[in-house]
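The values are calculated or read from the model by the stated rules, or taken from the named source; none is laboratory data. Nothing here was measured: the structure is a model prediction, and the numbers come from that model. Cβ atoms come from the backbone with ideal geometry, glycine included; neighbour counts cover every protein chain shown. Calculation scope for accessible area: heavy atoms of the full protein, side chains included, ligands and nucleic acids excluded. Shrake-Rupley method; radii C 1.70, N 1.55, O 1.52, S 1.80 Å.
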Amino acid sequence: MEFDSISTNSLEDIGTCCLPCFALQSKRELFFKSDTVSGGGVSASVPPSAAPPAPPSTLKDALSKRSATLPEPQETNHVEANGIATKHSNSVSVDVSKPPSTAPPPTPAPPVPISAPPAPVPTPLRSTENIMKKAEHPPVAPKPDLPKIEKPKTKELDGYVGFANLPNQVYRKAVKKGFEFTLMVVGESGLGKSTLINSLFLTEVYDKDKHPGPSLRVKKTVGVETSVVLLKENGVNLTLTIVDTPGFGDAVDNSNCWQPIIDFVESKYEEFLNAESRVARKAAPPDTRVHCCLYFIAPSGHGLKPLDVEFMQRLGDKVNIIPVIAKADTMTPEECKDFKEQIMKEIGQHKIKIYDFPESTGEEGDGADVTKSLRARVPFAVVGANTVIEQDGRRIRGRKYPWGIAEVENLEHCDFLALRNMVIRTHLQDLKDVTSSVHYENYRCRKLAGLSHDGKPHRTNSNNLCPQGLMNSFMTVWNPLAQMEEEKREHDLKMEKMESEMEQIFQTKVRDKRAKLKESEAELARRHEATRRALEAQARELDERQRALNAERAAWERDTGLSLDDLRRRSLEANSKETVDGKEKKDKKKKDWSFKSVATGISI
Ligand code: GDP
């Protein structure tokens, strides 16, 4: 289920600045008109949408040219609403009907609508009105007849005021801020996703050592992983986020393998919605939404697989899908052409929504023609290669075979250049705009209406489908006071939850501690009991021994007729007698020695 609505992007957003509201609106309508994509699909008649001016070849040059022209706007050429290039001066009033007298303008002039488009009346609640109608709400009071707003007349100025310089201001601001782009690659492992990403940005986004490609990180289940690289080209910074999905389509049973991807895409929308809905919000919340999804189709030559159909059907209204035929060098040009036709036919049959490249990017002349011809190449049959081959003094990125080289950047060999030009050079901002004004808006409407991604009522918010629920949702988003209340309530709830969690943790800890204390108490008692028993056993044994000894002694006394005391006395007497005898012998020996020494004259 899709709903149109008006973009809510801030005015600071360069895309929004460059694209008037009606252009986005028509783009949304156009996008969802792609139900009718047929064989040629993308060549259906599409109203041209205004796009940002093509960037100059070198931004440095352009910036210096611009800054050189800014302080002295006297010589500024610009294109008036009537399309005639005129020269204006600060001091001199120039007849605007005069043709330009100098060289071409130094900077690309901003696209100025020649006449106001058939303006759809801005109806900010359009999408939600649709929801309310679908939910059969009580009839809303008829709108009062508003006075018709007259279109303001264009007035020619007599001199140079300076607002023609506005695009330059926006340009400088955008360059200073840098750009963000999130590219998702989905497809079975081994189809050449990492090789193509490296070829697209002419750098090792997937560094083999630091960041192996998806197939080297294949998991049993589908994972969603992001890697961020900061790219710089001619002073313009691009924060490129690559989202890959290792494991997609690699299992035996691939049912629901798209779910982690849907969850990821929607979680990014949710992050953005939360950031946008805060009372104290940033002027431009970081845009991490997925802007483009390159879906890799295996070069089977037999059309789409059921998994391809299922994935693109489910994701088509959530993200800009660009189908890509992998490893196009494995097919002959005729096979490739037939395969493309088959794929586009099936995309039409299954009502798959793919990103519809707008025919015009605001470029004039050759640029527009080239865009048209590149657009006809969808689905892009690409060849990826990380190797650069030297041939005839030329350095070619390509794949070398015994029969020749498949050149990556040759439109006769594959559609790589078409894909790179369309995605990066000409349509990057449009991809971001469609993400913001179509997919994100649809998500936002679904979210506010309490619907889940499949359009069914959200389990937790099912009551929001009632008129009161819807009104509450709208009030919350569009009424700052209600929003503050809501945030306060959320905060209180969070605090309460935290408190009860802490209480629970405390209780659990106390319970654990008590249980441990009880355990150690029981252990101590057990040990005490064991020691007591051991001591008692020892005492008993000693008693036994004492008794045995006494009995032995009594028996001995009986046998010998002696008592132990008698025995002791006798032994003492014998000892003392021995001592006296020993002493007498010693004295006698001494006397003999002294007599001998006197006789010999030797002193001892
Ligand atoms: P991933 O798993 O989808 O990221 O695939 P890789 O980029 O790791 O590529 C898997 C294998 O296919 C590698 O051996 C690549 O050299 C090869 N490969 C990548 N692109 C092409 C291509 O366009 N044509 C051919 N024939 N082989 C390719």
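Taking the criterion of being open to solvent by less than 100 Å² (accessible area, probe 1.4 Å) and either under 23 Å from Ala280 (Cβ atoms) or touching a Lys or Arg at 6+ places or on another chain (Cβ under 7 Å) (or both), the residues of the stretch 480-519 that qualify are Pro480, Ala482, Gln483, Glu486, Glu487, Glu490, Asp492, Met495, Met498. Scanning the stretch 300-319 for residues that are on the phi > 0 side of the Ramachandran plot and in contact (Cβ under 8 Å) with a residue 40 or more places away in the chain turns up just one, Gly303.
Within the stretch 372-388, residues that are within 16 Å of the ligand (Cβ to nearest atom) have Cβ atoms under 8 Å from residues that are modelled with pLDDT under 80 in these pairs: Asn386/Glu204, counting only partners at least 6 apart in sequence or on another chain.
Restricting Asp250, Asp287 to residues that are in contact (Cβ under 8 Å) with a residue 40 or more places away in the chain, open to solvent by 40 Å² or more (accessible area, probe 1.4 Å) and charged (D, E, K, R) narrows the list to Asp250. Could you say whether any residue in the stretch 256-265 is within 16 Å of the ligand (Cβ to nearest atom), over 23 Å from the mean Cα position of the chain (by Cα) and aliphatic (A, V, I, L, M)? Checked against the condition, which is being within 16 Å of the ligand (Cβ to nearest atom), over 23 Å from the mean Cα position of the chain (by Cα) and aliphatic (A, V, I, L, M), the stretch 256-265 yields no hits at all. With the structure loaded, tell me whether Lys232 is at pLDDT below 85 and within 16 Å of the ligand (Cβ to nearest atom) or whether it fails that test. The answer is no for Lys232. Each residue in the stretch 253-266 was checked for being open to solvent by less than 50 Å² (accessible area, probe 1.4 Å) and over 18 Å from Gly187 (Cβ atoms), and 1 pass.
Residues of the stretch 303-316 that are surrounded by fewer than 21 Cβ atoms within 10 Å (Cβ to Cβ) and either in contact with a His (Cβ under 9 Å, 6 or more places away or on another chain) or not small (Gly, Ala, Ser) (or both): Lys305, Pro306, Leu307, Val309, Glu310, Gln313, Arg314. Looking only at the stretch 186-204, residues that are under 19 Å from Arg399 (Cα atoms) and either within 11 Å of the ligand (Cβ to nearest atom) or modelled with pLDDT under 75 (or both) come to 13 in all. Only one entry of Lys219, Lys210 meets the criterion of being modelled with pLDDT under 80, within 13 Å of the ligand (Cβ to nearest atom), open to solvent by 60 Å² or more (accessible area, probe 1.4 Å) and assigned to a loop (DSSP other than H, G, I, E, B), and that entry is Lys219.
In the stretch 257-264, the condition of being in contact with a Leu (Cβ under 8 Å, 6 or more places away or on another chain), at pLDDT 80 or above, more than 16 Å from Val319 (Cα to Cα) and not in a helix (DSSP H, G or I) is met by at least one residue. Checked against the criterion of being of a type in the set (Phe, Trp, Tyr), more than 16 Å from the ligand (Cβ to nearest atom) and under 26 Å from Ser189 (Cα atoms), the candidates Tyr355, Tyr401 yield just one match: Tyr355. Please verify whether the stretch 393-408 includes one or more residues that are at pLDDT 90 or above, surrounded by 15 or more Cβ atoms within 10 Å (Cβ to Cβ), under 30 Å from Lys318 (Cα atoms) and of a type outside the set (Ser, Thr, Tyr). Scanning the stretch 393-408, I find no residue that is at pLDDT 90 or above, surrounded by 15 or more Cβ atoms within 10 Å (Cβ to Cβ), under 30 Å from Lys318 (Cα atoms) and of a type outside the set (Ser, Thr, Tyr), so the answer is no.
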